[in-house]
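Novice: After the structure tokens below, expect a handful of questions from me.
The values are calculated or read from the model by the stated rules, or taken from the named source; none is laboratory data. Every value quoted in this text rests on a predicted model; they were computed, and no experiment measured them. Reconstructed Cβ throughout: ideal geometry from the backbone, glycine too, with neighbour counts over all protein chains shown. The protein model used for the area step is the full one, side chains on, heavy atoms only, and it has no ligands, DNA or RNA in it. Shrake-Rupley method; radii C 1.70, N 1.55, O 1.52, S 1.80 Å.
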Amino acid sequence: MTNDEIARFLRTHPKFFDQHPELLETIYVPHPYGGRAIALSERQTVALREKVRLLEGKLAEIIKFAEENDAIGEKVHRLSVALGGARDFPALVHSLYFHLREDFAVPHVALRVWGKSVPRDFEEAEPVSEAQREQAQSMPAPQCGPATASVFVPWFGEAADHVRSLALVPLGQSAVFGLLALGSEDPQRFFPEMGTLYLRRIGELCAAGVTARL
């Protein structure tokens, strides 16, 4: 019989070792991590231990991700409470910048709003170029990536030369009326493949707060 035929026979006769239990102790196979031979039953134990180790690793990874998501969710909740309690637009902007910098450790934050009555002496009301508006309006969701050649980098003023990665969050659902830009000096802080669920939620909170106060 060939190796494939033997393997096929054992698969189709699952009770074979029940009928011949002595084989489990008398058949010896190579140890997976050493040169010595071990009984087939011991080899099965080694295989099960390896599976358990892999499952434990996956479980630890799932728990880690869950804890990280819980922490981020708590930060988004605090931001939501702060924005909801802001009495006016200046207080809203102050709370937004404060929580993004302190809670989310985003060193550079810039917000621009157009099509709404933002007081002219506010930085958020500074002119937005046509190219910037068009790019913001073309975003179906938050975008992350390198800051190189981005038309939004100048919004960070004196810090613009130090920004290496960006997260761009459009404001508005049916029509975009603003953009929240987050900048980092770490090139890997915001990367194209990263998840944007929480960025989207932050954008929705920001858009709702701006709409309610302007």
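Novice: Note down all Cβ pairs under 7 Å where the first residue falls in the stretch 70-83 and is farther than 14 Å from Phe98 by Cα, the second is open to solvent by 50 Å² or more (accessible area, probe 1.4 Å) and in a helix (DSSP H, G or I), and they're at least six residues apart or on different chains.
Specialist: These pairs meet every condition: Ile72/Tyr198.
Novice: Counting only residues that are assigned to a helix (DSSP H, G or I) and either in contact (Cβ under 8 Å) with a residue 24 or more places away in the chain or in contact with an Asp or Glu (Cβ under 6 Å, 6 or more places away or on another chain) (or both), how many does the stretch 84-126 have?
Specialist: 9
Novice: Another question, then. Return the only residue of Val128, Val118, Val151 being touching a helix residue (DSSP H, G or I) at 6+ places or on another chain (Cβ under 6 Å) and open to solvent by 20 Å² or more (accessible area, probe 1.4 Å).
Specialist: None of the others qualify; the one that does is Val151.
Novice: For the stretch 154-168, name all the residues that are open to solvent by less than 10 Å² (accessible area, probe 1.4 Å), among the small types (Gly, Ala, Ser) and either over 25 Å from Leu214 (Cα atoms) or touching a Lys or Arg at 6+ places or on another chain (Cβ under 7 Å) (or both).
Specialist: If the condition is that a residue be open to solvent by less than 10 Å² (accessible area, probe 1.4 Å), among the small types (Gly, Ala, Ser) and either over 25 Å from Leu214 (Cα atoms) or touching a Lys or Arg at 6+ places or on another chain (Cβ under 7 Å) (or both), then Ser165 is the only one that fits.
Novice: Does the stretch 124-153 hold any residues that are within 17 Å of Val169 (Cβ to Cβ) and among the acidic types (Asp, Glu), and which are they?
Specialist: Those that are within 17 Å of Val169 (Cβ to Cβ) and among the acidic types (Asp, Glu): Glu124, Glu134.
Novice: From the residues in the stretch 174-200 that are touching a helix residue (DSSP H, G or I) at 6+ places or on another chain (Cβ under 6 Å) and not acidic (Asp, Glu), which one is most open to solvent (accessible area, probe 1.4 Å)?
Specialist: That would be Tyr198.
Novice: Do we find that Leu171 is open to solvent by less than 10 Å² (accessible area, probe 1.4 Å), touching a His at 6+ places or on another chain (Cβ under 8 Å) and either under 12 Å from Leu111 (Cα atoms) or modelled with pLDDT of 95 or more (or both) in this structure? If you could, list the steps in order and put the result at the bottom.
Specialist: Working: open to solvent by less than 10 Å² (accessible area, probe 1.4 Å): yes; touching a His at 6+ places or on another chain (Cβ under 8 Å): no; either under 12 Å from Leu111 (Cα atoms) or modelled with pLDDT of 95 or more (or both): yes.
Judged against the criteria, Leu171 is not a match.
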